[in-house]
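So the structure is just underneath, and the comments pick up after that.
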Amino acid sequence: MKLVFAGTPEVAVPALDALIASDRHEVAAVVTRPDAPAGRGRRLVASPVADRAEEAGIEVLKPAKPRDEAFLARLREIAPDCCPVVAYGALLPKVALDVPARGWVNLHFSLLPAWRGAAPVQHAIMAGDEITGASTFLIEEGLDSGPVYGTVTETVRPTDTSGDLLTRLAFAGAGLLSATMDGIEDGSLKAVAQPADGITVAPKITVENAQVDWAAPALRVDRVVRGCTPAPGAWTVFRGERLKLIQAVRVPERTDLAPGELAVGKKNLYVGTGSYAVELLWVQAQGKKPMAAADWARGVRIAPGERLGGTDVG
């Protein structure tokens, strides 16, 4: 089939690579989000998918909106058979969905109908799911509601961050998407409607959602830290400023600390929760680089009984 691939972040690159490598399909063009400001200088930077496509000599389309007439005209000129999608980042209007004869097929990082929405991996970790996966489905106008072509499963490991899990799913999903294109092309795959039961939604995790509640049990604190790493980053407040929490582990044997109360050891930093303590391993203070939590604690000279939590001033 002639394909137009739509995707934007690094997590979409393995799938693009798999389709470029296929000897059964031609990636005629790539659709990605426009260049965006990045870094301290806020200079415009192309997306990882755009960079990879340009390396491969593939035409790159960067519409401000996928309903822009110039983009739609070019898409009709290319006349793709199918448009595979991985984390494109914009809503596709019906006028665009109608262009390819075999539709737009999305690789979504959950076992649909679970975790429909923008942040399925983060929500799976924060909910304590033991198994997740990826699905390919035919895009329709509803939110991740189209019929499913195929799935792969992936175990959620006890120490997984959303970044760890998403990386594994990106590679497993790349194979699934490539196989889905093969099955659509030769007629061996038919999309099956999603069941009406088991629907959960996974809206984008905001910075506000990522604030740790120290009155919650340690299990919940652990899930929030892992689910929000690397983005948007779990955080708390210390002396009126935000402190990013990069890595923590649960310490069930330590139950002597009140929620948010800090205790500094020779090489450890503990904080109380609504159940038992967690040990903070890596943190990042405002305007600083990430550092070992015990080193940070020595630098700020934590007083006995001092706590994390509260409201930040900025």
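The values are calculated or read from the model by the stated rules, or taken from the named source; none is laboratory data. Owing to the predicted nature of the structure, the values given are computational and were not obtained by experimental measurement. Ideal geometry is used to build each Cβ from the backbone, glycine not excepted, and the neighbour counts take in all protein chains shown. The accessibility values were calculated without ligands, DNA or RNA, using every heavy atom of the protein model including side chains. Shrake-Rupley method; radii C 1.70, N 1.55, O 1.52, S 1.80 Å.
How high is the relative contact order of region 186-283, given as a whole-number percent (alpha carbon pairs under 8 Å, six or more residues apart)? Present the calculation step by step, with values, prior to reporting the outcome.
Values: 164 pairs, mean separation 24.2, N = 98.
Across region 186-283, relative contact order equals 25 percent.
What size of dipole, in debye to the nearest 20, comes out for the chain about its Cα centre when the only charges are +1 on Lys and Arg C-beta atoms and -1 on Asp and Glu C-beta atoms?
Numbers: 34 positive and 37 negative charges, 253 e Å.
Charge dipole, the chain, about its Cα centre: 1220 debye, nearest 20.
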Fraction of accessible area attributable to carbon and sulfur, the chain (%, probe 1.4 Å): 53
ARG168 - accessible surface, heavy atoms, 1.4 Å probe, Å² rounded to 10: 50
Cut-off under 5 Å, modelled amide H: who pairs with ILE246 long-range: TRP282, VAL283, GLN284
Max mean-square fluctuation residue, GNM over the chain, Cα-Cα springs under 10 Å, options ALA53, ALA114, ALA36: ALA36
GNM flexibility winner over the chain from ALA231, ALA174, ALA303 (Cα, springs under 10 Å): ALA303
Amide H contacts of TRP104 (H built 1.01 Å from N, under 5 Å, at least 5 apart or other chain): CYS83, ILE139
Label-point separation in nm, THR311 to ASP256, each point 7 Å along Cα→Cβ: 3.4
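Of all beta bridges DSSP finds with both residues in the chain, what is the antiparallel percent, to the nearest 5? Spell out each step's value before the answer.
Values: 36 of 53 bridges.
Bridges in the chain that DSSP calls antiparallel: roughly 70 percent.
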Distance cut-off 17 Å, percentage of C-alpha pairs in region 88-130 lying past it: 46
At q = 0.07, 0.14 Å⁻¹, base-10 log of I(q)/I(0) for the chain (Debye sum, equal scatterers on each alpha carbon): -0.34, -1.03
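Top to bottom by accessible area (1.4 Å), largest first, where do THR206, THR273 land?
Details: THR206 55, THR273 5 Å².
Descending accessible area places them as THR206, THR273.
Given a 1.4 Å probe and heavy atoms of the protein chains only, how would you sort ILE199, ILE20, largest accessible area at the top? Numbers along the way, then the final one.
On the way: ILE199 80, ILE20 55 Å².
Descending accessible area places them as ILE199, ILE20.
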Computed accessible area, LYS94, all protein chains, 1.4 angstrom probe, square angstrom: 100
Over region 161-302, equivalent-ellipsoid semi-axes from the Cα gyration tensor in Å: 40, 17, 13
Selected from ALA134, ALA218, ALA90 as most flexible by GNM, with the chain as the system and alpha-carbon contacts under 10 Å: ALA90
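Please state the relative contact order of the chain as a whole percent: Cα pairs under 8 Å, 6+ residues apart? Walk me through the intermediate numbers first.
Numbers: 694 pairs, mean separation 40.9, N = 314.
It comes to 13 percent, rounded to a whole number.
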Aspartates and glutamates with Cα under 15 Å of LYS204, excluding same-chain neighbours fewer than 8 positions away: ASP144
Solvent-accessible area of THR167 with every protein chain in place, 1.4 Å probe, in Å² to the nearest 10: 80
Enclosed volume per residue, in Å³, of the convex hull spanned by Cα atoms of region 136-238: 133
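Can you give the calculated 222 nm mean residue ellipticity of the chain, where each DSSP H run of n ≥ 4 adds -39,500 (n - 2.57) and the sum is split over every residue, rounded to the nearest 500 deg cm²/dmol? All intermediate terms of the calculation are to be shown ahead of the outcome.
Values: 8 runs with 81 residues, N = 314.
Taking each H run of at least 4 residues, the total per residue is -7500 deg cm²/dmol.
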Residue-normalised accessible area of the chain, expressed per residue, 1.4 Å probe, Å²: 48
